[in-house]
2 protein chains.
Amino acid sequence: MAEKVTIADVARHAGVSRQTVSNVLNTPEVVREETRQRVLDAVEELGYRVNQAARQMRTGRSRLIATRIEPDRDGINGSVLDRFLHGLTESAARAGYRVLLYTADDDTAEIATFEDLLGAYEPDAFVLTGTHHGDIRTSWLLGRGMPFVTFGRPWGVPDGAPHAWVDVDGAAGTAAATRHLLDTGHRRIGFLGWPAGSGVGDDRREGWARTLRAAGVDPAGLDRATSDGVDDGETAARDLLESGDPATALVCASDSLALGALHAVRSPGAAVPSEDRAGPPVAVIGFDDTPVAKAVGITSLSQPLAEAATSCVTLLTRLLDGDNRTPGSSGDPHPHVLLQPSLVRRRSG
Amino acid sequence: MAEKVTIADVARHAGVSRQTVSNVLNTPEVVREETRQRVLDAVEELGYRVNQAARQMRTGRSRLIATRIEPDRDGINGSVLDRFLHGLTESAARAGYRVLLYTADDDTAEIATFEDLLGAYEPDAFVLTGTHHGDIRTSWLLGRGMPFVTFGRPWGVPDGAPHAWVDVDGAAGTAAATRHLLDTGHRRIGFLGWPAGSGVGDDRREGWARTLRAAGVDPAGLDRATSDGVDDGETAARDLLESGDPATALVCASDSLALGALHAVRSPGAAVPSEDRAGPPVAVIGFDDTPVAKAVGITSLSQPLAEAATSCVTLLTRLLDGDNRTPGSSGDPHPHVLLQPSLVRRRSG
DNA sequence: TCCGTGGGTTTGAACGTTCAAAGAGAAATA
DNA sequence: TATTTCTCTTTGAACGTTCAAACCCACGGA
C-alpha cells in the first residue's frame, strides 16, 4: 500500500505549520511569496494530495456530483444519455468535481436514493435528466434547498423557472427538419410523435406544426401519436401513409420511430407500398442522431450533448460558489441554457 | 438544508453512548438485544444515516468503486460498455458500494487519474475495462497493492492470472456462430477481424478457425484483418467476396464490421454483386448484439453484460473482505469468471 | 517610549466516526 | 467474603483537514 502523505508531513518538511500549508492550497494570497514556494516544493516532492474525506468533514463539501444512469430502454435512444454522461464526467473533472452514479426505477425510488446519498456521501449537487410534468424530484430537492441542475426544462411550470436547467430546443429542431423538407419540395409533411402531455414530445410536435402553418399547410390529420418503439412507429407510419391524401415526408420525435417509419416506407408488405405510388420515395427524419440512425442512413437531429453537459457543470459551479456571495443577490435567479440541435443529412431525407 | 443527524444524537435519544450506537450498526452481535432494539428505534425515528466521510476517515474505507467511462469511439460498440456500467452501478449498490466515474484518453492518463483519485477520494477498488497485451495499468495497480478487477482477461501473461478478472468467452462465441453456419449448410465461412495482436481479436478469430478445422475446412485465406470501422468492414468484406473461391458466409469480430460486411453483400456497387452469383445470399454474423445489429437485423453474439458486472462486484467484495481473513490463505488466489455469449438470430444469418 | 496597525504565521478546536482500552455489574469460582 | 470471569457498555483518542482566534514582529505615528 502507498504511504499516506498528510498535510502535517508537508508542514514538517517545509518547516511551517499545518495551517500555512492549508492556506497555500486554499487561499494562497494570504501567504508570503517565499513561504508559498517552499510549501509548494514540499507538496511536489512528497506527492501530497488533499484528502477529500477529511476536507469534507470540515467544510461539508464533497466535490461530488450525483447523477442517474438509465437502463437503456429500447437500446436506441439510450445512447443519448450515455453520451451526455460522458460529457458530464469530463466537464465535472475539469471543474474539480467527480461524478457519482446511482440507479432508480422511478421518481419515488430516486428520491429515496437522494436521501440515502445525502446522508452518506453528501454530494454537493445533483444533475437530473428526463424532467417531466409534475416532476416530484425537483420539488423534493427544492424543498431541501439542495443545489441541482436539470438536463431538460421544468415542463408545465407556470411562473418562471424554479431552478437552473439546460435543454435542447426540440421545437427548433423539428422546425428545422420541416423547413428542410419544405425546401426540398414537400408539402404534405407528417409527424410521428408520442401521446400529448409529455413535454418533450409536445414541444417537438409544436415545432413541426408551427412551421407547416407558416408555410400555409394545415397540419390537421397529418400527425400520429404512439409509444416509442420501432414497431409502434412502423404501425403509425403505415396508418399515416394509407390515409386519403398521404404524407410524402415524415418528421419523427425519435430515431426509434424514424426507424419504424422507414420500415413502413420501404417494406413491400405495406398496403400502399411505395412502388405503387409514382414519384419520389417518402422522406423520413428522426431525432437524436443515434448510432442506429447513422448505420441505417436516417437523416436526424443531433443534440449537442457535450455542450449540454458543460453547461450543466457551469451552472452548477455558479450555484455552488454563489453560496459565498451575497445571498440576496437577485441577478440571475435561475439561469438556464437552451441549445440548438443540428440537422444531420443522410439518405432518408 | 436538512438537519444533520449524528451518531451522538441517536445515542442521546436512545440513552446510550456513541460507541454502542456504532456497535449496533457494525457489530450488532455484541450488543444486548433490548439495547439494540432501542437504538434501532432511535435510528429509525431520527432518520439517522452514517456519514461516509467520517467513517472513511477512521476506517480508511470509502465504499467507492472507481471506473472509467469511455468516449464512444464509433458509436456502435460504445453501447456495450454503457450497458456494463449500468449493471455495475446496480450490483455495486446492492453490495453497499457506489460507482465513481472518471475519463482518460490513454493508459498513461488513466494511471495519473489513479494517483489523483487514490490521494483524494480513496476508492476501495477499481474496475478496469479493455485489457490488452502489456497493460501498464494492471501492473501499476498490482505494484500499489490496490484491489481491482478487470472486465477482460489479462492477455499475454504467461504464468497464471496475476489478478482477478471477468470476461466473456469470445472464442466460444465465434465458434458457436461458425457452427451455426456450418449447420445451415455453409462450408466456406470467412472471418472479418482486427489485425493480430489484440487479444480480444485473436481470441475471436481462433474460435472461428478452430471450428472450421474441426469440420474439415481449411481456414487459410478465408479471413481478413482491418480496423474496426463500418467502411473498413465493407472494404475487407468485398475483398473477401471477390476472391477466387468466395466465402458464402461471414463471421465478424464486431457489429461495426458486420454492418460494413452487410453493405458489401447487399450493395449493387460491388464488383461481384450478389445477383451475379446464383444461390442464397451471403450470411453475416456480428459480435456484441448492439442496438444497431438489432435495428438492421444482423445476427449477433450477445454478451451477458449484467451478469459480467455482477461477477465483478462479487469478486471485488471477496477481495475487499478477504483482507480481514488470514492473509496467507492460498485458496482462490486470483479468482476469475468466464461467461458465455449467446447467439441472437436475425435475418442476416 | 509607547501604542496601534497590519502582514504573516501558529495554536487549539472541531467535523462524525470507530478503535482500543477501560469500566461496571452480575454471575461463577475459590 | 474475596476473586475471577464474563457480558455489556462507556471513555478517550485518533483519522486529516480547516475555521476562528491568538500570536509575533516590524513599522509608523504620537
- [ ] Could you please give the count of residues in segment B:3-16 that are open to solvent by 50 Å² or more (accessible area, probe 1.4 Å) and under 30 Å from A:Leu320 (Cα atoms)?
- [x] 3
Open item on the list: Any residue that is over 24 Å from A:Ser300 (Cα atoms) and more than 8 Å from every other protein chain (Cβ to nearest Cβ) - is there at least one of those in segment A:71-84?
Closed with: no
Task: Pairs, first over 20 Å from B:Gly173 (Cα atoms) in segment B:210-234, second hydroxyl-bearing (Ser, Thr, Tyr) and open to solvent by less than 40 Å² (accessible area, probe 1.4 Å), C-beta under 6 Å, six or more apart - done: B:Val230/B:Ser256; B:Asp232/B:Thr226
- [ ] Run B:Leu118 past the list (1) touching a residue at least 24 places away in the same chain (Cβ under 8 Å); (2) more than 13 Å from every other protein chain (Cβ to nearest Cβ); (3) surrounded by fewer than 23 Cβ atoms within 10 Å (Cβ to Cβ) and report the number of the one that doesn't hold.
- [x] (2)
Open item on the list: Looking at (1) of a type outside the set (Gly, Ala, Ser); (2) out of contact with any Lys or Arg (no Cβ under 9 Å at 6 or more places or on another chain); (3) under 21 Å from A:Pro71 (Cα atoms), which one does B:Pro71 not meet, given that it meets all the others?
Closed with: (2)
TODO: Select from segment A:288-313 the residues that are within 22 Å of A:Asp167 (Cβ to Cβ), open to solvent by less than 20 Å² (accessible area, probe 1.4 Å) and within 12 Å of another protein chain (Cβ to nearest Cβ) and list them in ascending order.
DONE: A:Asp288, A:Thr290, A:Ala293, A:Leu305, A:Ala309
TODO: From the list A:Gly145, A:Gly190, pick out the single residue that is of a type in the set (Gly, Ala, Ser) and under 23 Å from the mean Cα position of the chain (by Cα).
DONE: A:Gly145
- [ ] Please determine, by comparing only the residues of segment A:17-59 that are more than 9 Å from chain B (Cβ to nearest Cβ) and not in a helix (DSSP H, G or I), which one is least open to solvent (accessible area, probe 1.4 Å).
- [x] A:Val31
- [ ] Please specify each residue of segment A:235-255 satisfying the condition of being under 19 Å from A:Ala175 (Cα atoms) and part of a helix (DSSP H, G or I).
- [x] A:Asp255
Open item on the list: So, in segment A:88-113, exactly how many residues are facing chain B (nearest Cβ under 9 Å) and either in contact with a helix residue (DSSP H, G or I) (Cβ under 6 Å, 6 or more places away or on another chain) or under 13 Å from A:Thr129 (Cα atoms) (or both)?
Closed with: 6
Task: Yes/no for B:Gln37 being within 12 Å of DNA strand C (Cβ to nearest atom), of a type outside the set (A, V, I, L, M, F, W, C) and over 39 Å from the mean Cα position of the chain (by Cα) - done: no
Open item on the list: Could you list, ordered by first residue, the pairs with Cβ atoms under 8 Å in which the first is in segment B:1-28 and under 18 Å from A:Asp116 (Cα atoms) and the second is of a type in the set (D, E, K, R) and outside any helix (DSSP H, G or I), at least 6 apart or interchain?
Closed with: B:Val5/B:Arg49
- [ ] Name the one entry in B:Asp218, B:Asp232 that is part of a loop (DSSP other than H, G, I, E, B), surrounded by fewer than 21 Cβ atoms within 10 Å (Cβ to Cβ) and away from chain A (no Cβ under 14 Å).
- [x] B:Asp218
Open item on the list: Going by what's in this entry, would B:Ala125 be described as open to solvent by 20 Å² or more (accessible area, probe 1.4 Å), of a type in the set (Gly, Ala, Ser), over 13 Å from the mean Cα position of the chain (by Cα) and modelled with pLDDT of 95 or more?
Closed with: no
Open item on the list: Which numbered condition in (1) modelled with pLDDT under 95; (2) within 16 Å of DNA strand C (Cβ to nearest atom) is the only one that A:Ala42 fails?
Closed with: (1)
Task: In segment A:151-191, the residues that are basic (Lys, Arg) and over 15 Å from A:Ala214 (Cα atoms) - done: A:Arg153
TODO: Being touching a residue at least 24 places away in the same chain (Cβ under 8 Å) and open to solvent by 30 Å² or more (accessible area, probe 1.4 Å) is the filter; apply it to segment B:92-102 and report the residue that is nearest to A:Tyr121 (Cα to Cα).
DONE: B:Arg98
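The values are calculated or read from the model by the stated rules, or taken from the named source; none is laboratory data. Worth saying up front: this structure is predicted, and the values here are computed from it rather than measured. Because the Cβ atoms are built from the backbone with ideal geometry, glycine has one as well, and the counts that use them run over all protein chains shown. To get the accessible areas, we keep the full protein, side chains included, count just its heavy atoms, and leave off ligands, DNA and RNA. Shrake-Rupley method; radii C 1.70, N 1.55, O 1.52, S 1.80 Å.
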